[in-house]
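The values are calculated or read from the model by the stated rules, or taken from the named source; none is laboratory data. Small disclaimer: the values here were computed from a predicted structure and weren't measured. We place every Cβ from the backbone using ideal geometry, glycine too, and count neighbours over all the protein chains shown. Ligands, DNA and RNA are excluded from the accessible area calculation, which covers all protein heavy atoms including side chains. Shrake-Rupley method; radii C 1.70, N 1.55, O 1.52, S 1.80 Å.
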Amino acid sequence: MFISLLYQEYKALEKASKSQAVIDAIGELIARGPWYNASLAVTHKRHSVSCTFPVSGPQGSGIFQLRVVRNAGNN
């Protein structure tokens, strides 16, 4: 699940880099902030992992939030 989370984080940054709303808010060339400012939460009952991490661009900064959920039957 951790590898899936890293992949989802990468995909979130990739998708956000193409979002006009994000570009308007913090600019292009979005950079991920330091790992020690990120948070990770695991929910065993719901089979999910949530992550927040800081991002910045030339016009400002923000927090990205993502959640990975394992569907029933997937291992």
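With open to solvent by 40 Å² or more (accessible area, probe 1.4 Å), modelled with pLDDT of 85 or more and among the polar types (S, T, N, Q) as the only criterion, which of Ser17, Ser56 stands out? Just a single option satisfies the conditions, and that option is Ser56. Considering only residues in the stretch 59-68 that are open to solvent by 70 Å² or more (accessible area, probe 1.4 Å) and more than 13 Å from Ala31 (Cβ to Cβ), the one that is modelled with the highest pLDDT turns out to be Ile63.
For Ile30, the conditions (1) modelled with pLDDT of 85 or more; (2) open to solvent by less than 30 Å² (accessible area, probe 1.4 Å); (3) among the aliphatic types (A, V, I, L, M) are fulfilled apart from (2).
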